[in-house]
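Asker: Here it is, the structure, as C-alpha cells.
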Amino acid sequence: QGDFGADLKIAEDSGKIFNEDNFLIYQGGILNGIYQGYGKVWYDNGIICKEGNFVEGKLSGGLCRLHDEAGFLVYEGMMIDDFRHGKGKKFVPSKFDADRPIVAYEGSWEENVYGGGSGRLFDHTGYL
C-alpha cells in the first residue's frame, strides 16, 4: 500500500500506477515509487478506495476520504499514518438515496476509533 513489488507498473512521470492487469490503481504524486502528495487509490474493481494527501505512502493530513468496495463514502476527515485521527465524519449508506450517504458520527477520532474527544452520534436518518 504505497510501496510496490515488481509486478506493478509505475509511471512516476505521469503519476500513475497500474496493477499486473494494467488497471489504474493509483493516480497522484509519486516519489521514489511511493505515494507522496495528493492522490487517489482504486480497488481492483475500478471503484475509488481512498483519496487525500499521502506522506510516505500513507494518508496523512486534512481532508481525506475513504470508500468501501461498493464505492460508498465511509469516512471524510483528518488522518495520520493511514489512521482516522482528528476531526472527521463516519458515513453509512442511505436507505432512501444511494447517492447521498448519511452522517452517523461527526467529531473527534483517535487511531481509527471515534469519540476520543467530543462528537455527535446520529440515527439512521441522519438526525441527532
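The values are calculated or read from the model by the stated rules, or taken from the named source; none is laboratory data. Keep in mind that this is a model prediction, so the values were computed, not measured. Please note: Cβ atoms are built from the backbone with ideal geometry, for glycine as well, and neighbour counts cover all protein chains shown. Accessible surface areas use protein heavy atoms only, side chains included; no ligands, DNA or RNA. Shrake-Rupley method; radii C 1.70, N 1.55, O 1.52, S 1.80 Å.
Asker: Mind listing whichever residues of the range 24-43 are at pLDDT 90 or above and assigned to a loop (DSSP other than H, G, I, E, B)?
Answerer: Within the range 24-43, Y43 is the sole residue that qualifies.
Asker: Let me ask something additional. Return the total of residues in the range 36-51 being open to solvent by less than 20 Å² (accessible area, probe 1.4 Å) and either farther than 21 Å from D81 by Cα or touching an Asp or Glu at 6+ places or on another chain (Cβ under 8 Å) (or both).
Answerer: Total meeting the criteria: 2.
Asker: Quick one: in the range 93-102, of everything that is hydrophobic (A, V, I, L, M, F, W, C) and either within 15 Å of the chain's Cα centre (by Cα) or surrounded by fewer than 17 Cβ atoms within 10 Å (Cβ to Cβ) (or both), which residue is modelled with the lowest pLDDT?
Answerer: If we take residues in the range 93-102 being hydrophobic (A, V, I, L, M, F, W, C) and either within 15 Å of the chain's Cα centre (by Cα) or surrounded by fewer than 17 Cβ atoms within 10 Å (Cβ to Cβ) (or both), then A98 is modelled with the lowest pLDDT.
Asker: I'd like to verify a number: residues in the range 94-103 that are touching a strand residue (DSSP E or B) at 6+ places or on another chain (Cβ under 8 Å), more than 13 Å from G77 (Cβ to Cβ) and not hydroxyl-bearing (S, T, Y), how many?
Answerer: 2
Asker: Another question, if that's okay. Please enumerate the residues belonging to the range 42-71 that are at negative phi and in contact (Cβ under 8 Å) with a residue 40 or more places away in the chain.
Answerer: Matches in the range 42-71: F54, K58.
Asker: Take the conditions in contact with a Lys or Arg (Cβ under 9 Å, 6 or more places away or on another chain) and not acidic (D, E) and apply them to R84. Does it pass?
Answerer: yes
Asker: Which one is least open to solvent (accessible area, probe 1.4 Å), of the residues in the range 103-121 that are under 17 Å from the mean Cα position of the chain (by Cα) and charged (D, E, K, R)?
Answerer: Here the answer is E106.
Asker: Right, something else. Looking at the range 59-71 only, could you name the residues that are in a strand (DSSP E or B) and in contact with a Phe, Trp or Tyr (Cβ under 8 Å, 6 or more places away or on another chain)?
Answerer: C64, R65, L66
Asker: Check the range 72-90 and report whether any residue there is in contact (Cβ under 8 Å) with a residue 40 or more places away in the chain, open to solvent by less than 60 Å² (accessible area, probe 1.4 Å) and in a strand (DSSP E or B).
Answerer: The answer is no; no qualifying residue exists.
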